[in-house]
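The structure appears below as structure tokens.
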Amino acid sequence: MKKTLVFLFILCLISSCSESDSQEAQIYDAPIVRSYVTYISQNSVTLNGFIDHSNRAFLESDTFKVSFIFRIGDENDSSNDQIIELDGDVDYYTGTYKFKHIVDALVPNTTYYYTAFTKNGSSEDDDWESFTTSAIPCAHTQNNTYNVSGTSYSANVEVSSPNCCDNGNVRFRFGNWPNIYEIDFNELDNGYPKTGQYFGIDYMFDISYIERELTKSNNEVLIGSKSTPETELFVENDGITITLIFCDTVLRNGDVLNGKVSALIP
């Protein structure tokens, strides 16, 4: 009996020491994380997490874990949560850190909820956001033909780089004066827009510090001074040709674009 008690006492000591060591191992709180998405299509999305430690120094070694929580259905119902754990520990260091995960098999035109998640010991941080998958575009039978508020035109599309940094990295230009359309996208690695639904912005892409990277490939489109957040269009990219599809695309001046235009990927 005494041997049993001694053994249990030793186990308790070991357990207590282990818990104490574990608590001591957590030097820093879980990093503050920001959630955002890229490459939204009808059936998939890339979830992203971003940590900014560019103005912070770490004098001791410590690590944290990162993951995502993906929620289907009601934003307040956690019963459908999918926990997406990413392997490995991340060191605390001065700088920025990004992590991502692709989610497939989604339903078109459906809203989902998600958060990037950081954890170190008992400390946690999240940043819940939502996104809506791309709708299915309208069907136009003729290519390189567009309609402006009831008047039809043929199009010859030119692909180029915008003149300045606040206009993205690739431009599709077509039309004749006074109806000239310069449609700019802002993509990662100077790439081309992928298949999906794109939403207009006002006047320029955000090029301020961190935002200039986080706003790339997030389904934004700039049509010069003509687009607003209510402006929408669709892109189809098959790896050879990029097609822009306009389905009652409303511009700032009230003009409505319909039709589709295509260009070979340079």
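The values are calculated or read from the model by the stated rules, or taken from the named source; none is laboratory data. Worth saying up front: this structure is predicted, and the values here are computed from it rather than measured. Here Cβ is always computed from backbone atoms with ideal geometry, including for glycine, and neighbour counts include all displayed protein chains.
Some observations on this one:
- Within segment 137-159, restricting attention to residues that are closer than 24 Å to N109 by Cβ and free of Cβ contacts under 8 Å to residues at least 24 places away in the same chain, the residue that is farthest from the chain's Cα centre (by Cα) is T141.
- Yes/no for N48 being in a loop (DSSP other than H, G, I, E, B) and either under 20 Å from the mean Cα position of the chain (by Cα) or not assigned by TED's automatic domain parsing to the domain that holds L233 (or both): no
Each row is one residue, and each column tells you yes or no for (1) modelled with pLDDT under 95; (2) surrounded by 11 or more Cβ atoms within 10 Å (Cβ to Cβ); (3) not charged (D, E, K, R).
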| residue | (1), (2), (3) |
| --- | --- |
| K2 | yes, no, no |
| S18 | yes, no, yes |
| P31 | no, yes, yes |
| L86 | no, yes, yes |
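- Residues that are acidic (D, E), surrounded by 14 or more Cβ atoms within 10 Å (Cβ to Cβ) and over 22 Å from V148 (Cβ atoms), drawn from segment 176-208: E187, D206
- Number of positions in segment 160-208 that are polar (S, T, N, Q), within 16 Å of the chain's Cα centre (by Cα) and part of a strand (DSSP E or B): 1
- Considering residues of segment 209-233 that are crowded, with 19+ Cβ neighbours inside 10 Å and aliphatic (A, V, I, L, M) only, the residue farthest from the chain's Cα centre (by Cα): I223
- Residues located in segment 162-175, provided they are surrounded by 12 or more Cβ atoms within 10 Å (Cβ to Cβ), modelled with pLDDT under 95 and out of contact with any strand residue (DSSP E or B) (no Cβ under 6 Å at 6 or more places or on another chain): C165, D166
One line per residue, one yes/no per condition, for (1) of a type in the set (A, V, I, L, M, F, W, C); (2) over 20 Å from S134 (Cβ atoms):
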position: G175; (1), (2): no, yes
position: P193; (1), (2): no, no
position: Q197; (1), (2): no, no
position: I201; (1), (2): yes, no
position: T243; (1), (2): no, no
position: G254; (1), (2): no, yes
